[in-house]
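The structure appears right after this line, and notes come after that.
Just so you know, all these numbers are worked out from the coordinates, no wet-lab data involved. What you see is a predicted model, and the numbers here were worked out from it, not measured in a lab. Cβ coordinates were reconstructed from backbone atoms using ideal geometry, including for glycine residues, and neighbour counts include every protein chain displayed.
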């Protein structure tokens with residue numbers, strides 16, 4: 001392999017997903033992921049804080065897509081309509097960024113590990129809170145804002161797992 005090849009981050013993500021699927025998340029090391037991607041361990045840490053973050057990269061951008069879509073919804077949109085638009089934007093974002101196969105592999109890996117399940121639930125709870133805040137900014141009162149954010153994340157999770 002040459003000294004430099006494009007898309008190091010993408011190669012690391014793919015190598016991690018492949019290895020986590022083959023060997024298990026716990027049994028896979030950062031060094032093994034880097035080697036499979038044709039990179040060094042140091043290169044891995046330029047892109048990710050730890051091996052877990054390979055599975056959760058892009059979460060901030062996705063949350064921003066959800067929240068900004070809710071914020072831009074027409075004033076006449078009901079809370080569920082605004083959040084529904086956010087979920088559609090999130091689906092489009094995921095399709096553009098990673099694709100279904102990546103999502104399926106990622107979900108299987110997370111489902112097999114309690115630590116990763118916990119991280120996923122924390123992420124979804126923070127997104128529900130962010131959606132509730134976006135709805136409150138639109139003038140939606142509690143408990144409707146909070147409940148709508150929670151329902152949206154339940155729908156997201158169910159759809160994503162399918």
Quiz item: Based on the Kirkwood radius over alpha-carbon pairs, what is the Stokes-Einstein translational diffusion coefficient of region 8-54 at 4 °C with 1.567 mPa s viscosity, in µm²/s?
Solution: 130 µm²/s
Quiz item: In degrees from 0 to 90, rounded to the nearest 10, what is the angle of the helix 100-111 Cα long axis to the longest principal axis of the chain?
Solution: 90 degrees
Self-check item: P(r) weight above 16 Å for region 91-159, C-alpha pairs, percent
Solution: 57 percent
Self-check item: Mean shadow area of the chain over all directions, Cα convex hull, nm²
Solution: 10.0 nm²
Quiz item: Add -39500 (n - 2.57) for each DSSP H run of 4 or more in the chain, then divide by its residues: what number comes out at 222 nm, to the nearest 500 deg cm²/dmol?
Solution: -24000 deg cm²/dmol
Self-check item: Rounded to 10°, Cα long-axis angle of helix 79-97 versus longest principal axis of the chain
Solution: 20 degrees
Quiz prompt | Sorted peptide list for 25-33, 83-91, 127-135, criterion being average Cβ within 10 angstrom, highest first | solution = 127-135, 83-91, 25-33
Exercise. Calculate how steeply helix 59-72 sits against the longest principal axis of the alpha-carbon atoms of the chain, using the helix alpha-carbon long axis, and give the answer as 0 to 90 degrees to the nearest 10.
Key: 20 degrees
Quiz item: Among 53-63, 137-147, 9-19, what's the highest-first ranking by average C-beta atoms within 10 angstrom per residue?
Solution: 9-19, 53-63, 137-147
